[in-house]
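Peer 1: Before anything else, here's the structure in question.
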Amino acid sequence: MVNQLNTSMKVTFNNGIEMPLLGLGVYNMYGREAEDAVTYALETGYRLIDTAAMYHNETEIGHAVKHSSISRSAIFITTKVNNADQGFESTLRAFDTSMSKLQVDYVDLYLVHWPLKKTRKDTWKALEKIYAGGQAKAIGVANYLVPFLEELATYSDIVPAVNQVEFSPYLYQEELLNYCRKHAIQLQAYSPLVRGKKMNDPRLLKLAEKYKKTPAQIILRWDIELGVSTIPKSSSPKRLEENFDIFDFRLSQDDIDWMKTFDDRSRVADDPMIFL
């Protein structure tokens with residue numbers, strides 16, 4: 001459980017690297033919208049920015065970071081290898097391309113974006129090489145459910161620092177959360193707000209009234225209380241501020257447990273099991 005009530009809440013990876021628990025996801029943001037969102041997020045206090053080659057906005061993210069008043073060392077940057085670039089040599093080349101677009105000489109976290117059956121082993125071995133070379137401070141995976149993590153453990157020399165998956169009260173992946181906790185893998189939630197589809201849930205509205213917070217803030221705080229990193233996406237200054245304003249309250253244990261029962265298997269992204 002996370003105990004602090006402050007905006008510097010961080011988690012320490014299995015290799016000692018620290019990452020903020022709350023960050024900004026930039027999926028489906030392009031051009032000026034992406035650059036402005038990151039610029040405003042950094043001004044608001046965000047220090048974790050999550051992008052991917054697949055998002056086609058690494059150049060804009062890099063420009064925002066480079067021109068920010070915040071030092072590069074204070075900003076945690078995550079990017080991911082695109083599915084089309086998976087494989088050993090192609091992943092190495094893709095990483096160099098991402099570094100060039102981001103205008104950085106290292107990334108804080110590099111992830112395998114999806115567990116493609118034919119290439120995931122070679123791709124992971126490429127990430128281990130990148131990590132050994134010091135160009136990524138940590139490496140991890142995305143969309144890996146327990147079967148994929150168990151398979152990864154049979155050939156990996158490095159335990160992934162992070163597993164980024166779709167996770168919310170409406171897709172409460174308890175088995176996966178427990179597996180990651182047991183193996184010192186930090187779970188990170190993308191699409192934590194279910195793309196707004198559940199904001200009118202009467203149960204969520206009841207909690208929002210109880211804590212005098214918005215439904216989105218309740219969900220994000222729930223992630224934090226579980227020790228799950230969360231990267232909500234928004235380009236709206238108002239929403240960016242709202243999503244960041246979750247450090248001045250705590251949910252009761254009863255309410256945390258109640259929210260686990262909201263699970264109705266709602267997904268907004270593909271089920272990774274299609275890759276098994």
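Peer 1: Run through the DSSP bridge list for the chain and note the antiparallel percent, rounded to the nearest 5.
Peer 2: Numbers: 4 of 28 bridges.
Around 15 percent antiparallel, to the nearest 5.
Peer 1: Can you tell me the accessible area per residue over the chain, all protein chains present, probe 1.4 angstrom, in square angstrom?
Peer 2: On the way: 11730 Å² over 276 residues.
Heavy-atom accessible area per residue stands at 43 Å².
Peer 1: Across segment 15-156, how many lysine pairs, 8 or more apart or on two chains, come within less than 14 Å at their alpha-carbon atoms? Show your work: numbers first, answer last.
Peer 2: Values: Lys66/Lys101; Lys80/Lys101; Lys80/Lys137; Lys121/Lys129; Lys129/Lys137.
For segment 15-156, the number of qualifying lysine pairs is 5.
Peer 1: Normalised by the number of residues in segment 63-151, what is the relative contact order in percent for Cα pairs under 8 Å and 6+ residues apart? If you can, show how the numbers build up before the last one.
Peer 2: Details: 115 pairs, mean separation 27.0, N = 89.
It rounds to 30 percent for segment 63-151.
Peer 1: Also, I was wondering about something else. For Kirkwood radius over Cα pairs in Å, several values are listed as (1) 18.0; (2) 18.8; (3) 19.3; flag the one computed from this structure.
Peer 2: Correct label is (2).
Peer 1: Related question: Take every Cα pair under 8 Å in segment 63-108 that's 6+ residues apart, average their separations, divide by the length, and report that relative contact order as a whole percent.
Peer 2: Details: 23 pairs, mean separation 19.7, N = 46.
Normalised by residue count, the contact order of segment 63-108 is 43 percent.
Peer 1: From Cα pairs below 8 angstrom and at least 6 apart in sequence, can you work out the relative contact order of the chain, rounded to a whole percent?
Peer 2: Working: 492 pairs, mean separation 57.8, N = 276.
Across the chain, relative contact order equals 21 percent.
Peer 1: Which aspartates and glutamates have a Cα lying under 15 Å from the Cα of Lys198, excluding residues fewer than 8 positions away in the same chain?
Peer 2: Glu166, Asp263, Asp264
Peer 1: Additional query: Find how many whole Å separate the alpha carbon centroid of segment 132-209 from the alpha carbon centroid of segment 232-268.
Peer 2: Value for the Cα centre distance between the two parts: 15 Å.
Peer 1: Sticking with this one: Just to verify a number: FRET efficiency for Lys66 and His183, C-beta to C-beta distance, R0 = 35 Å, to 0.05?
Peer 2: Here the calculated transfer efficiency is 0.45.
Peer 1: Roughly how many percent of the accessible protein surface of the chain is carbon and sulfur, given a 1.4 Å probe and a whole-percent answer? Can you show the working numbers first?
Peer 2: Values: 5750 of 11730 Å².
Summing carbon and sulfur atoms, their accessible area is 49 percent of the total for the chain.
Peer 1: Would you mind telling me the antiparallel percentage of the DSSP bridges in segment 1-86, rounded to 5? Write down the numbers at each step before the final one.
Peer 2: Values: 3 of 8 bridges.
The antiparallel fraction comes to roughly 40 percent.
Peer 1: Sorted from largest to smallest, which semi-axis lengths in Å does the alpha carbon gyration tensor of segment 23-132 give for its equivalent ellipsoid, taking the root of 5 times each eigenvalue?
Peer 2: Working: eigenvalues 127, 38, 24 Å².
They are 25, 14, 11 Å, listed largest first.
The values are calculated or read from the model by the stated rules, or taken from the named source; none is laboratory data. Because the structure is a prediction, the values reported are computed rather than measured. Note that we place each Cβ from the backbone using ideal geometry, even for glycine, and neighbour counts take in every protein chain shown. Heavy atoms of the whole protein, side chains included, go into the accessibility calculation; ligands, DNA and RNA do not. Shrake-Rupley method; radii C 1.70, N 1.55, O 1.52, S 1.80 Å.
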